[in-house]
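Enquirer: My questions all concern the structure below.
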Amino acid sequence: MANRLAEQTSPYLLQHAANPVDWWPWGAEAFAEARRRNVPVLVSVGYSACHWCHVMAHESFEDPAAAALVNEHFVAIKVDREERPDVDAVHMRVTQALTGHGGWPMTVFVTPEGQPFFAGTYYPPEPTPGLPSFTQVVTALGEAWRDRQDEVLASASAIVEQLEQINTLPTASAAPVVWDLLDAVSADFDLLHGGFGGAPKFPAPMLVDALLVKGEAGTLDLAQRTLEAMARGGIHDQVGGGFHRYAVDAGWVVPHFEKMLYDNALLLGSYVRGWRRTPQHEAGLRWLFERVVRGIVGWLEREMVVEGGGFAASLDADSADIRGMAHEGIYYVWNPSLLVDALGEEDADWAGTVFHVTKDGTFEHGLSTLQLRGAPDVERLESVSRRLLEVRASRFEPPRDGKVVAAWNGWAIESLLWAGMVFGEREWIALAERAADYLWSTHWVDGALRRTSLDGVVGDAAGVAEDHGAVAHAFGLLAGVLGEPVWLERAVAVLDAAVAAFAADDGGFYDASGEGLFTRPRDVQDNPTPSGTMALVTALRSVGLLAGRTDFTSRADAAARTTWGTVAASPRHASAALTDLLAADEARKGLRPAVAVVLDEAGDPLNDAARAAWRMAPAGTVVLSGRPGTTGFGRWFEVDGAAPSAPATESKLTHARIGGSGQVEVESDEYDEHEVVPLAQVVHVRRGGVSFPPASTVQELRAALWSRA
């Protein structure tokens, strides 16, 4: 018999709908039931692509005896951490404080008022050294509540009080010195394998973006080596495109095999920006980075688009072998015999060398992940990869979590726009536009943003700060690409709602409303994704610049200041804030955020000048392309022989020289500095109070974009 999860819109919750555990979804009704029965609450948090969540579900939640104990002693709540990141964040802080570590599945026991008194992660069905069984924990805590309820309540109150004391952001009276921060980041770089820190090793897209801001040779080298190492590693799906969650080893060889939308959305943007920072003479790196970009987009198109145009949340780590037994990673791994079956002897031998498929295996049971070695023949690599992908498609596919998450789709839209504009791929822009249409039509309900949807049905969970920031920023970029002001209006509406919902007294932002939680979540450190604060800061800057909303840019400045203490203490773990800080340092040195207005009579998003601007503009630049006289963008398109939006001031570039001593910086050497390359459209660049003469060549545009005016 189905429990109360059967009507939910989370695939993870639906996986538990037939459990003998009498699960409730998170909400006031569950806690009211706990108060009525005078029993504590079991809060179990996981997500559908989590391997150990499946293990614990099978071992304990599907076991009638274990379920009977839970139902007798507790009200049980099942939470999808992707649907309710606020619930997850608060209880993860509890778990880390009480146990010294965290992870999923997360198992937290709270009072009927929601105050925690015991926490852990995975519990086995039988006790192991140092770890009790799940039923032992349930029995002991149920008896403690029955026999020593006052002690349990006192313990819960003490835990909450301690958490409130540590739940404050570190402060700084001044911005940290950026070169000190970059030195600290560099000290964590893995010189042997690329990336940062040791095993397990996670992708670091926000940190890569931070290292690309200044373009200084040392930081650029760290970014490129990290991108190359991941692109060649087993963490990268070499034949299907996209990245797995993280590597269990320092060398990127063996991943945890779930594939998350947020990882791939953020990495897509990082590889595009890494490509455009890489000079043409480094052809091998540019080819590799472009291969990754096209692979991620291909994976998104092939496996992740849901009906209506949004993107699904994830692919599971586990799938079935030919006997129907579930194994992690079995869908993605090969051995020499499997290569022969797929390719024939000659190509299998070649592929085994190129992809490092060994007799003993690099994974387990003689199987190997695929790693890209050397500089293979490109045409042969494409042919072999295509054939391996076709053969792999006959295997049992990993289950897909078809839930659409607003923030993750926002990041995917942003990166698809970057990729489409830089590589001139019209369909990628259309893919982004369809996803944006889905978000607006499905997730924007009665003037408020919702977090998730499934099969076109929006869930009840309200959007959190990261949702508002990612979606607003994506909408603003889309407005600039398409020249359609309706997307700017929508971006402004989302940000107005965010400021009203999440603003904190110190000028920063909370991560969520905090309704129903014993504390309101707030953290400016990154996890796999930018913090909610930095997602909003990014959107407030770009949309504020495009919409002429100085209150947005002022709010962004104030919120960024609340991150200074954290980024000073741990720049690698607050890299979105580090990126903003580095851009602010460039602005103080004259390279302030600019708007590049491209006047295109045809209204083609992929016009020459717009593509050139996207390829070479400094971080923080907003590119706006459209027909002259377009309305809905303030005065940006009111061109009168001078630069748009303001009376022309004398350009500081009148006698500037491109290249040479570095008076004018460049984002890449995509264009030969000695060859005058005309543009089919005119571009007007305005930075702060300086309006530059209309640019009609690549060289004039580059000079205007990179002048420290």
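The values are calculated or read from the model by the stated rules, or taken from the named source; none is laboratory data. Bear in mind that the values here come from a model prediction, so they are computed numbers and not experimental data. Neighbour counts run over all protein chains shown; Cβ positions are idealised from the backbone, glycine included.
Enquirer: Give me a count of the residues in the stretch 46-82 that are hydroxyl-bearing (Ser, Thr, Tyr) and part of a helix (DSSP H, G or I).
Expert: Restricting attention to the stretch 46-82, the residues satisfying the condition of being hydroxyl-bearing (Ser, Thr, Tyr) are 47-48, 60.
Keeping just the survivors that are part of a helix (DSSP H, G or I) gives 60.
Adding up the residues that qualify gives 1.
Enquirer: Any residue at all in the stretch 372-382 that is exposed (fewer than 13 other Cβ atoms within 10 Å of the Cβ), more than 14 Å from ASP237 (Cα to Cα) and among the β-branched types (Val, Ile, Thr)?
Expert: Yes.
Enquirer: What is the one condition in (1) modelled with pLDDT of 95 or more; (2) among the polar types (S, T, N, Q); (3) not in a helix (DSSP H, G or I) that SER575 does not satisfy?
Expert: (3)
Enquirer: Can I ask one more? Give, as residue ranges, the helices (runs of 4 or more DSSP H) completely inside the stretch 114-233 that count at least 3 residues that are surrounded by fewer than 19 Cβ atoms within 10 Å (Cβ to Cβ).
Expert: Numbers: elements: 134-147, 149-166, 178-187, 205-212, 217-232.
In the stretch 114-233, 134-147, 149-166, 178-187, 217-232 are the helices (runs of 4 or more DSSP H) which contain 3 or more residues that are surrounded by fewer than 19 Cβ atoms within 10 Å (Cβ to Cβ).
Enquirer: Evaluate the following for GLY366: is it farther than 30 Å from THR442 by Cβ, surrounded by fewer than 17 Cβ atoms within 10 Å (Cβ to Cβ) and out of contact with any helix residue (DSSP H, G or I) (no Cβ under 8 Å at 6 or more places or on another chain)?
Expert: Taking the combined requirement at face value, the residue satisfies it.
For (1) in a helix (DSSP H, G or I); (2) modelled with pLDDT under 95; (3) touching a Ser or Thr at 6+ places or on another chain (Cβ under 9 Å), each residue gets a yes or a no:
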residue: LEU581; (1), (2), (3): yes, no, yes
residue: ALA587; (1), (2), (3): yes, yes, no
residue: GLY590; (1), (2), (3): no, yes, yes
residue: VAL598; (1), (2), (3): no, no, yes
residue: ASP604; (1), (2), (3): no, no, yes
residue: ALA609; (1), (2), (3): yes, no, yes
residue: ARG615; (1), (2), (3): yes, no, yes
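Enquirer: Looking at this structure, is GLY308 of a type in the set (Gly, Ala, Ser), surrounded by fewer than 16 Cβ atoms within 10 Å (Cβ to Cβ) and farther than 19 Å from ASP237 by Cβ? Steps first, please.
Expert: Details: of a type in the set (Gly, Ala, Ser): yes; surrounded by fewer than 16 Cβ atoms within 10 Å (Cβ to Cβ): no; farther than 19 Å from ASP237 by Cβ: yes.
When the stated conditions are applied, GLY308 does not pass them.
Enquirer: Further question: From (1) farther than 14 Å from ILE296 by Cα; (2) part of a helix (DSSP H, G or I), pick out the condition that doesn't hold for TRP411.
Expert: With respect to (1) farther than 14 Å from ILE296 by Cα; (2) part of a helix (DSSP H, G or I), TRP411 is out only on (1).
Enquirer: I need every pair where a residue in the stretch 162-179 that is over 17 Å from THR95 (Cβ atoms) has its Cβ under 7 Å from the Cβ of a residue that is aromatic (Phe, Trp, Tyr), sequence separation at least 6 or different chains.
Expert: Between residues of the stretch 162-179 that are over 17 Å from THR95 (Cβ atoms) and residues that are aromatic (Phe, Trp, Tyr), the close pairs are ALA172/TRP564; ALA175/TRP564; PRO176/TRP564.
Enquirer: Among the listed residues SER48, SER60, SER44, identify the single one that is of a type in the set (S, T, N, Q), crowded, with 22+ Cβ neighbours inside 10 Å and within 23 Å of the chain's Cα centre (by Cα). Steps first, answer last, please.
Expert: Details: SER60 fails: within 23 Å of the chain's Cα centre (by Cα); SER44 fails: within 23 Å of the chain's Cα centre (by Cα).
Checking each option against the conditions leaves just SER48.
Enquirer: Go through the residues of the stretch 617-639 one by one and say whether even a single one is part of a helix (DSSP H, G or I) and either in contact (Cβ under 8 Å) with a residue 40 or more places away in the chain or closer than 29 Å to LEU212 by Cα (or both). Steps first, answer last, please.
Expert: So the first thing to find is which residues in the stretch 617-639 are part of a helix (DSSP H, G or I), and the list is none.
No - not one qualifying residue is present in the stretch 617-639.
Enquirer: Tally up the residues in the stretch 519-569 that are buried (at least 22 other Cβ atoms within 10 Å of the Cβ), assigned to a helix (DSSP H, G or I) and β-branched (Val, Ile, Thr), please.
Expert: The qualifying residues number 6.
Enquirer: Taking ALA351 as the residue in question, decide whether it is outside any helix (DSSP H, G or I), small (Gly, Ala, Ser) and on the phi < 0 side of the Ramachandran plot. Give the steps one after another, and end with the answer.
Expert: Numbers: outside any helix (DSSP H, G or I): no; small (Gly, Ala, Ser): yes; on the phi < 0 side of the Ramachandran plot: yes.
Taking the combined requirement at face value, the residue does not satisfy it.
Enquirer: When you look at VAL405, is it of a type outside the set (S, T, N, Q), surrounded by 20 or more Cβ atoms within 10 Å (Cβ to Cβ), within 30 Å of VAL458 (Cα to Cα) and out of contact with any Pro (no Cβ under 6 Å at 6 or more places or on another chain), yes or no? Spell out the reasoning first.
Expert: Numbers: of a type outside the set (S, T, N, Q): yes; surrounded by 20 or more Cβ atoms within 10 Å (Cβ to Cβ): yes; within 30 Å of VAL458 (Cα to Cα): yes; out of contact with any Pro (no Cβ under 6 Å at 6 or more places or on another chain): yes.
It is true that VAL405 is of a type outside the set (S, T, N, Q), surrounded by 20 or more Cβ atoms within 10 Å (Cβ to Cβ), within 30 Å of VAL458 (Cα to Cα) and out of contact with any Pro (no Cβ under 6 Å at 6 or more places or on another chain).
Enquirer: Here's a check for you: in the stretch 322-354, which residue that is out of contact with any helix residue (DSSP H, G or I) (no Cβ under 9 Å at 6 or more places or on another chain) and closer than 24 Å to ARG400 by Cβ is surrounded by the most Cβ atoms within 10 Å (Cβ to Cβ)?
Expert: VAL333
Enquirer: Might you let me know whether the stretch 446-455 holds any residue that is crowded, with 24+ Cβ neighbours inside 10 Å and acidic (Asp, Glu)?
Expert: no
Enquirer: Would you mind stating whether GLY284 is part of a helix (DSSP H, G or I), over 22 Å from the mean Cα position of the chain (by Cα) and free of Cβ contacts under 8 Å to residues at least 24 places away in the same chain? Steps first, please.
Expert: Working: part of a helix (DSSP H, G or I): yes; over 22 Å from the mean Cα position of the chain (by Cα): yes; free of Cβ contacts under 8 Å to residues at least 24 places away in the same chain: no.
Answer is no for this residue.
Residue by residue, here is whether (1) in contact with an Asp or Glu (Cβ under 8 Å, 6 or more places away or on another chain); (2) at pLDDT below 95; (3) under 30 Å from VAL41 (Cα atoms) holds:
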{"site": "GLN165", "(1), (2), (3)": "no, yes, yes"}
{"site": "ALA172", "(1), (2), (3)": "no, yes, no"}
{"site": "LEU181", "(1), (2), (3)": "no, no, no"}
{"site": "PHE189", "(1), (2), (3)": "no, no, no"}
{"site": "LEU211", "(1), (2), (3)": "no, no, no"}
{"site": "GLU228", "(1), (2), (3)": "no, no, no"}
{"site": "HIS236", "(1), (2), (3)": "no, no, no"}
{"site": "VAL248", "(1), (2), (3)": "no, no, no"}
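Enquirer: Scanning the stretch 496-518 for residues that are touching an Asp or Glu at 6+ places or on another chain (Cβ under 7 Å) and closer than 23 Å to PHE552 by Cα, which turns out surrounded by the fewest Cβ atoms within 10 Å (Cβ to Cβ)?
Expert: Residue satisfying both the conditions and the ranking: ASP511.
Enquirer: Taking the options ASP460, ASP496, name whichever one is among the charged types (D, E, K, R), assigned to a helix (DSSP H, G or I) and either in contact (Cβ under 8 Å) with a residue 60 or more places away in the chain or not assigned by TED's automatic domain parsing to the domain that holds ASP80 (or both). Working first, answer last.
Expert: Values: ASP460 fails: assigned to a helix (DSSP H, G or I).
Result: ASP496 is the single residue among ASP460, ASP496 that is among the charged types (D, E, K, R), assigned to a helix (DSSP H, G or I) and either in contact (Cβ under 8 Å) with a residue 60 or more places away in the chain or not assigned by TED's automatic domain parsing to the domain that holds ASP80 (or both).
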